[in-house]
Amino acid sequence: MKIMPSSRFLIFLLFFGFPQHLVAQKKAMASHPKVESWKKEVMKSLDERRKSAQEMVDMVFSFSELGFQETETSAYLTSILKKNGFAIETGIAGIPTAWMATWGSGKPVIALGSDIDCIPKASQKPGVAYKEAIVEDAPGHGEGHNSGLPLVILSAIEVKKIMEREKIAGTLIIWPGVAEELVGSKAWYIRDGYFKNVDACIFTHVGNNMNVSWGDAGNNGLVSVEFKFEGSSAHSAGAPWRGKSALDAVELMNVAWNFKREHLKPTQRSHYVITDGGDQPNVVPSKAAVWYYLRERTYEDIKSMYDDAIQYSKSVAAMTGTKVSYQLLGTAWPGHFNKSIAEAVYKNIKIVGLPIWDSSDQQLARAVQKLVNAPKKTQRGEPIDGLATQLDTLHGPVQFSWGAGSDDIADIAWNVPTVVFRYPSNIPGTPGHNWADAIAMATPIAHKGVVNGSKVVAATLLDMLTDATIISNAWDYHKNVQTKEVQYISFVEATTPPAIHLNNKIMDPFRPQLKKYYYDPSKYKTYLEQLGIQYPQLEKKGF
Ligand SMILES: [Zn+2]
């Protein structure tokens, strides 16, 4: 019998299986035919949830809680998730303010996260183009961490409705980056196994455009470590020769490290604060402590700085006759993010686009840029003038980096395919970690950025839930590119406790004062209204 070409092909398939490229093609078409209409539906619902976005963003802004002290923030956000059917596990990884909220069942398991802590001494009234604290010297959201979890919560709640109605399998997990400013939680979540069943993670962070990147992000990883010295006290004038000064050890340590800088790579960043410098001059300090952040571009270089710093601390202890102990307070790996997920997010960034800013938003942005003497151009050479009106591009791996800051989301990203999606809730050209960075964060700028950001996350969730190739390609990249030659080794050891004691002494005296300014949505439409601010308030009134 003559075998027809088509039947010959069938026999070929019988023996050799489906050619791989045809399988890939088939999978690429596997996305659900209704997904585009669901996206439209979810985006419309998110527009209608504008009020919820504003309320959540303003509420968390008003709590103004530092890392490890996010008690009101976590209670408030988990109560919303609980009301929406999520199961909450609190106190994860031994961190009282950390939690994981889970809804759904089966695969894929997608985690959505964002940071929640704020910045010391960044208390600032929103919507005004001048420096004025809500509570003088209190912490404030000078990094915009009040906006990211409201964003992912909105996305998850709306996507969940579609999943329930359409019986789409999958598990959604929402989680907070506790104490990100201390890089204090995410490596501990990894150590304690909280991400071991997660298939993919979309992390969100405030920015001033919509963007996402994949590959080497060009930033530094770090260890945050405190060295404590103990000597013995004596009368500083009566019998100084009987004292062994712990402060001497701290100062010698810093001198030694500052000499060392000459022999470090230009990519390193190291900085310190003296957390205990003794009590008063006439008592030789028996105790003193110094806290270092040691940053570099690779695990090996961070480790080498860490080992050297430990060695220096022992040497200066020997020189001063003191004893030294040290504790790892935080850590982050250098950032590397997933290609497949970044591409999926960017596709939806292009669909959603930037928010439509009105003249009040632009007026405030330009006035704040003038106030902080913002540079005229970004480091990439793009002009800084008001709020972004042109969408950013999808960024791939950096080719060169002088080093930069750190974020412990990298520890998640080295274990689970992850991206950081930035949404436009802040004003370009502000200094970062500063009171001026809080100005936009409870205004229509932040609210609009969050609504548009939530649409991108929701649309990407729908894509990932209905097209298995996004996650399978993500793992392919994770295994065969990202971790092919680099193995994740945590700086957190099995016995390293999370540094949950940090910030309580700073936070405690401010909490009762800040409480008077917590947002009350039952009385005021917005936090701006509660504070009596006419948006945008470009000049201080009453002067
Ligand atoms: Zn941040």
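Miscellaneous remarks
- Lone unmet requirement of (1) surrounded by 24 or more Cβ atoms within 10 Å (Cβ to Cβ); (2) part of a strand (DSSP E or B); (3) within 16 Å of the ligand (Cβ to nearest atom) for Ile174: (3)
- If you go through the range 393-415 and keep only what is in a loop (DSSP other than H, G, I, E, B), more than 13 Å from the ligand (Cβ to nearest atom) and crowded, with 21+ Cβ neighbours inside 10 Å, you end up with Trp414, Asn415.
So that you can scan it fast, the table gives a plain yes or no per residue for (1) surrounded by 24 or more Cβ atoms within 10 Å (Cβ to Cβ); (2) touching a strand residue (DSSP E or B) at 6+ places or on another chain (Cβ under 7 Å):
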| position | (1), (2) |
| --- | --- |
| Lys82 | no, yes |
| Ile88 | no, yes |
| Thr97 | yes, no |
| Val109 | no, yes |
| Asp117 | yes, yes |
| Gln124 | yes, yes |
| Glu136 | no, no |
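- Residue pairs whose Cβ atoms lie under 6 Å apart, separated by 6 or more positions or on different chains, with the first residue in the range 195-208 and among the aliphatic types (A, V, I, L, M) and the second open to solvent by 10 Å² or more (accessible area, probe 1.4 Å) and more than 10 Å from the ligand (Cβ to nearest atom), are Val198/Val109; Ala200/Ile471; Val206/Asn426.
- Residues satisfying the stated conditions in the range 210-251, i.e. under 30 Å from Gly429 (Cβ atoms) and open to solvent by less than 20 Å² (accessible area, probe 1.4 Å): Met210, Val212, Gly215, Gly218, Asn220, Gly221, Leu222, Ser224
- For Glu382: the one exception among (1) open to solvent by 40 Å² or more (accessible area, probe 1.4 Å); (2) farther than 30 Å from Leu294 by Cβ; (3) modelled with pLDDT of 95 or more: (3)
- Of all residues making up the range 249-275, the number that are among the aromatic types (Phe, Trp, Tyr) and within 28 Å of the chain's Cα centre (by Cα): 1
Table: residues versus (1) within 16 Å of the ligand (Cβ to nearest atom); (2) outside any helix (DSSP H, G or I); (3) touching a Cys at 6+ places or on another chain (Cβ under 9 Å).
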residue: Ile190; (1), (2), (3): no, no, no
residue: Tyr194; (1), (2), (3): no, yes, no
residue: Val206; (1), (2), (3): yes, yes, no
residue: Asn209; (1), (2), (3): yes, yes, no
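The values are calculated or read from the model by the stated rules, or taken from the named source; none is laboratory data. Keep in mind that this is a model prediction, so the values were computed, not measured. In this analysis, Cβ positions are derived from the backbone assuming ideal geometry, glycine residues included, and neighbour counts consider all displayed protein chains. Heads up: the accessible areas ignore ligands, DNA and RNA and are worked out on the full protein's heavy atoms, side chains in. Shrake-Rupley method; radii C 1.70, N 1.55, O 1.52, S 1.80 Å.
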